[in-house]
Amino acid sequence: MIHRYIQFYSCALLLLLGANGLQAQSSKVEITGKVISTSNEAVEFATVMIGDPQTQKPITGTTTKEDGSFLIKANTDNFFVEVSFIGYTSKRINEIEVVEGKLDLGTITIAEDVQALDEVMVRAEKSSTEFKLDKRVFNVGQDLSSTGMSALEILNNVPSVTVDIEGAISLRGSSGVQILINGKPSVLAQDQGTLGTLTSDMIEKIEVITNPSAKYDAEGTSGIINIVIKKEEKKGLNGSISLNTGTPNSHSVGLSMNRRTEKFNLFTQLGAGLRTYPQEYNTLNEDLITNETITSVGSGKKNEIFYNLILGADYHINDNNVITLTGNYAFEDEEDLSDATFMRYDANSELEDAWDRNEVTTADNPKWQFEMNYKKDFKDHKDHDLVFTAQGHFFGKDQSSEFKNTTTYGSLISEEQRTRTDFSDETYTFKLDYTHPFSEQVKLEAGSQLVPMNVSNDYAVSTLIGDEWVESAELTNIFEFQQTVLGVYSTGSYEGERWGVKAGIRMEYTDVNTFLANTNTENSKYYTNFFPSIHTSYKFTNMFSLQAGYSQRIYRPRMWDLNPFFNIRNNFNIRTGNPELMPEYTDAFEVTGIYDLAKVSFNVGAYHRYTTDVIERVTTSENNISVSKPVNVGSNRTTGIEFNAKYDATDWLSFNGDLNINYFIRKGLYEEVSFDFDNNQFTSRVSAKLKLPADFEMELHGNYRSQLQTVQSLVSETYFMDFGVRKKLMKGRTILNLSVRDVFATRIRESVTDQASFYLYSYQQRGRFITFGISYGFGKGEAMEFSGQRRRR
């Protein structure tokens, strides 16, 4: 947010000082150019002043855009140009040659001011959240309580995003969200659990796109969350190292290094660690016809040893061509341990049977990904470029489980079972994007994308009979899932000084095949869809602008939505898939007002989503065995208001707030049962940041999510608090962090399903996490506090 303040006050000061030099006549000279640093990186918000050579006073001025470019109109042809930015030496241009009313200054390079560097490191930090035309950017490095967190945990601190205790991600209350890594589908985003291999010190920022344009993949009915991995490009050898430890086990080490020359940029990220997720839970199943009840009370823990390696290189062939190669390997060694006590009661609440169920599950999860990216910049315009991307990724899971039931009361026979899972996911992405500006205001974008996917799940269940393990044919199967999506898009945009508009359309062809080996059942679907989008913005003043947008989205059923086979972790509460699922479609409308005042900045937005063929989990129960299966159930209309604000109360105290309230109407019919209902929900998040003496900083996050109604269940409210404190050493190169997540251990998930013939209750809790971390930056690298920002070097 400080950059916006710099921009506003710089322009105001220049205009005030130069007011006497302005004349009431039409502009004579149009001045353009681009400002970069000595490391060839665009400098955003640099001040460009047009001055009078005689009086040395400003005539007019502006600040540079995100790409470093600027455009100024002056009503005189006798002037000089001066470029300045905090942390850099100013550059003055006196030799001016105006041709036919235009002056193109080309590329202007400004050098780092070493003496001012320490001041820049302290004062030029970005705010935690930035608001842009079509997205919000959450800078991870400014969040003190993120120490030692995985990407999944960090997402829960991002405005509009909610992650429940089971790891399910939702955006504005909707689970139909697409997760990207560096703007592309990734093996690390395919399964929510695999996001654990990305730690906070690897992540630069998280972008939330609630209403994407046609340029983006149409997947994700509620929007897109893009996780951007750090990659610095400073000359020389730079890097940082971090070490975290905590309880329950939260131990990790991370190393980030970068080597930059004139032609090459080599970068690497390494991470390794051990994490433990404890859990306490209990369930109740009641058959309202027979009045029989089954309860379970248990605890468990999931231990994860994880490794992550990212290697990459940029090769600048020349000024207009660059090629990037990136490889990523991640590995998880998982161990799930749990013990639960089950009890069965008859209609008179008399205990009939009791048994202990023990589970030991081990799994190896290797993941790899490679990417080749080629970008060509055309000489006629700075934004005229062609980008080709080829990417491949693989995710595997080799898992085995052992379950042992030991009878403690009644006549049940103790038994043992085993399961085996061999899972693989192989996906490739080929993408071509072309951008052609016809002028500074008008731009055309076009491109295509091909994504073939091949997934296989080999699952088997065996029971110990005597001394022999016998495979259960009805619970064993190979499920194969193949999907190919071909997309083509085109967008056109106009962006003036105050008003802008962008419209486009995307066509996607989808071919899906599923195959069940044991029944020789094949299911094929193919469909073509068109996804239009339009976005517009108007800047009323420097402090207020209005944005509006519309887009159409799709959510395609995934592997685990379609696979009809299930695990046997709890034989009385079973989750399974449905190969007959169809995709759901959403029309999304949004209007947002953005205010940027001296000490307060906030935005207020209203949105509406209309979704058809909504995918919901519907539960049936027989003999106290509940089966939850996803089905297409009617439509959903959601209308909501979202409010985000930041208030800088003093130089040492600031507040951030996030509030989302929505009202929804459900219409649906499944197996002659009506699922019509309406309700509302809201989420809120408030944080306070304090700068204390002796370079200490402290931060508090409060989170609340209201009670939520689904088609059959009522999910209880959730509230919890996170805390963080930081100490800077060695002028910020060394950072000490302490974070406490869920300070009061109040993050609990309870759900009740109360139907005509059965009643279900579920309770889960993970508890408090405490983590201490230390990080150190070397070369021109920065300690991990600054991983969420990229200052110009």
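The values are calculated or read from the model by the stated rules, or taken from the named source; none is laboratory data. Just so we're clear, the structure is a prediction, and the values are computed from it rather than from any experiment. Methodologically, a virtual Cβ is constructed for each residue, glycine included, from the backbone with ideal geometry; neighbour enumeration extends over all protein chains shown. Quick note on the areas: whole protein, heavy atoms, side chains included, nothing else; ligands and nucleic acids left out. Shrake-Rupley method; radii C 1.70, N 1.55, O 1.52, S 1.80 Å.
A few points about this structure:
- Extension gain from R575 to A606, taking 0.36 nm per residue of separation minus the Cα-Cα distance: 7.6 nm
- More than 22 Å apart - percent of Cα-Cα pairs taken over region 465-541: 59 percent
- Stokes-Einstein diffusion coefficient of region 369-437, Kirkwood radius over Cα pairs, 37 °C, 0.692 mPa s, in µm²/s: 190 µm²/s
- Inter-site label distance for E262 and K57 at 7 Å from Cα along Cβ, in nm: 4.6 nm
- Coil-residue trypsin sites (Lys or Arg not before Pro) of region 361-463, DSSP, other Cβ within 10 Å capped at 14: K379
- Ranked by how many other beta carbons lie within 10 Å on average, peptides 534-547, 730-743, 94-107 from highest: 730-743, 534-547, 94-107
- Applying 1/(1 + (r/R0)^6) with r as the Cβ-Cβ distance of A688 and Y761 and R0 = 45 angstrom yields a FRET efficiency of 0.80.
- Modelled label reach - D467, point 7 Å along Cα→Cβ, region 415-434 residues with backbone N closer than 18 Å: 416
- Model label zone, F530; criterion: amide N under 19 Å from point 7 Å along Cα-to-beta-carbon; scope region 490-513: 490-493, 502-510
- Taking 0.36 nm per residue of separation and subtracting the Cα-Cα distance, full extension of the segment from E350 to K599 would add 83.1 nm.
- Computed over protein heavy atoms with a 1.4 angstrom probe, the accessible surface ordering of T753, T326, largest first, is T326, T753.
- Packing, as the average of other Cβ atoms within 10 Å across residues, places the peptides 639-647, 580-588 in the order 580-588, 639-647, highest first.
- Among the GluC sites (Glu not before Pro) within region 440-528, those in coil by DSSP and having at most 15 neighbouring Cβ atoms inside 10 Å are E440, E497.
- Label zone at D383 (point 7 Å along Cα-to-Cβ), backbone N below 13 Å, region 420-453: 435-446
- The dipole here belongs to region 639-748: it is taken about the Cα centre, uses +1 on the Cβ of Lys and Arg and -1 on the Cβ of Asp and Glu, and is about 760 debye.
- Mean-position separation - Cα centroids, region 260-284 and region 696-710, in angstrom: 24 Å
- With DNA, RNA and ligands ignored, accessible area of E671 (1.4 Å probe; Å², nearest 10): 130 Å²
- Once the C-beta distance of E622 and I665 is scaled by a Förster radius of 30 Å, the resulting FRET efficiency is 0.45 to the nearest 0.05.
- Accessible area of region 558-676 divided out per residue, in Å², using a probe of 1.4 angstrom: 47 Å²
- Each of T519, T64 has its accessible area taken with a 1.4 Å probe; listed largest first, they run T519, T64.
- Straightening the chain between W560 and D77 buys 167.2 nm, computed as 0.36 nm per residue apart minus the Cα-Cα spacing.
- Spin-label model, I505/S674: points 7 Å from Cα along the beta carbon direction are separated by 3.9 nm.
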